[in-house]
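Contents: one structure, followed by commentary.
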Amino acid sequence: MIESRSRTAWLPHLVLALGVAVFVFPIYMALIGSTHDAGIIGRGNLPLTPGGLATENYAQAWSQGSGIRVKAPPVSRMLLNSLVMAVIVAVGKIAVSVLSAYAVVFFHFPGRMFFFWMIFVTLMLPVPVRLVSTYEIVGTLGWLNSYQGLTIPLMASATATFLFRQFYMTIPNELAEAAQIDGAGPLRFLWSFLLPLSWANIAALFVVLFIYGWNEYFWPLLITNTESMRTVVIGLERLIPRSGTEQPTWNLIMAGAMMALLPPVAVIVFLQRWFVKGLVESEK
């Protein structure tokens, strides 16, 4: 029986390898396409080996974002907008959720569970239900085409609040009492005791929320109408000509797509250990 198991042990690895190949191959072709001329891609003659125009294509997409047939903002500007939005949304969601969960767990005030469940109930509200009212508020405040409009309406997170609440409920009361005896106030207890214990959870949530903010499409499309405030997810579409008679500059589009892929991958790779630790941690 041991021999039969060892003979079939390669099957799961083969299935996983095939899945990785299917997932990676389009990314590899986009990488190859970003090193060739747009005419080669347009004729369907794209080879499987890199070309010699990588430096030129990436430099043009980064600094100009435009070609012979298309005018668009530079990818560097769109990447900056996406990075600012993703970081502020992730940090803001975590900060608001930590404070909300801290107040619900460690402070006893009238209606605290009512307010917690009111936060939790917002999970049942679809995003389109809140769009019109949120857009009206943002427009009234003059936050259209601004980083405030892109980030502040997305900072609340009922899911993150619930996860931090569940984690804080595992903290023994003796720890809070000992900190109080030592003269630590509420903010000192949060900063010096709870946050160090929450780094794994914070890192795991930061990865998820950063990717959420980076990939957000509908809200930036609704809230911005100037090219200088476009995020990279919606700005790459501007590299495609509006006229159907013009050939898209696929080499610049693929170069921009590859550059847009790097920040989320870097965040995942850099925080991978903390991300896995936050997911598999026994006490939640």
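Residue by residue, here is whether (1) surrounded by 12 or more Cβ atoms within 10 Å (Cβ to Cβ); (2) touching a residue at least 60 places away in the same chain (Cβ under 8 Å); (3) not aromatic (Phe, Trp, Tyr) holds:
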site	(1), (2), (3)
ASN81	yes, yes, yes
ALA103	yes, no, yes
THR122	yes, no, yes
LEU131	yes, yes, yes
PRO172	no, no, yes
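Do the conditions hold for TRP10, that is, is it modelled with pLDDT under 85 and of a type in the set (Phe, Trp, Tyr)?
yes
Residues to consider are PHE164, PHE106; find the one that is more than 24 Å from the chain's Cα centre (by Cα) and more than 30 Å from THR224 (Cβ to Cβ).
That would be PHE106, the only listed residue that is more than 24 Å from the chain's Cα centre (by Cα) and more than 30 Å from THR224 (Cβ to Cβ).
Within the stretch 31-66, which residues are closer than 14 Å to MET259 by Cα and touching a Phe, Trp or Tyr at 6+ places or on another chain (Cβ under 9 Å)?
GLY33, SER34, THR35
So, in the stretch 28-56, exactly how many residues are closer than 14 Å to LEU252 by Cα, under 26 Å from the mean Cα position of the chain (by Cα) and either without any contact (Cβ under 8 Å) to a residue 40 or more places away in the chain or not in a loop (DSSP other than H, G, I, E, B) (or both)?
The number of residues fulfilling the criteria is 5.
Here are some conditions: (1) within 24 Å of PRO128 (Cα to Cα); (2) at pLDDT below 85. ARG188 meets all but one. Which one does it not meet?
(1)
Show the residue pairs that are 6+ apart or on different chains and have beta-carbon atoms under 6 Å apart, the first residue being within the stretch 15-27 and farther than 22 Å from ILE253 by Cβ and assigned to a helix (DSSP H, G or I), the second being among the charged types (D, E, K, R) and at pLDDT 90 or above.
none
Yes or no: PRO196 free of Cβ contacts under 8 Å to residues at least 40 places away in the same chain and more than 22 Å from the chain's Cα centre (by Cα)?
Criteria met by PRO196.
Scan the stretch 217-231 and give yes if some residue there is of a type outside the set (Ser, Thr, Tyr), under 30 Å from PRO172 (Cα atoms) and either loosely packed, with under 15 Cβ neighbours inside 10 Å or free of Cβ contacts under 8 Å to residues at least 24 places away in the same chain (or both), otherwise no.
no
In the stretch 258-279, how many are at pLDDT 90 or above and either surrounded by 13 or more Cβ atoms within 10 Å (Cβ to Cβ) or of a type in the set (Ser, Thr, Tyr) (or both)?
Residues flagged as at pLDDT 90 or above and either surrounded by 13 or more Cβ atoms within 10 Å (Cβ to Cβ) or of a type in the set (Ser, Thr, Tyr) (or both) within the stretch 258-279 amount to 7.
The values are calculated or read from the model by the stated rules, or taken from the named source; none is laboratory data. Computed from a predicted model, the values in this text were never measured in an experiment. Glycine gets a Cβ as well: all are built from the backbone with ideal geometry, and neighbour counts include every protein chain shown.
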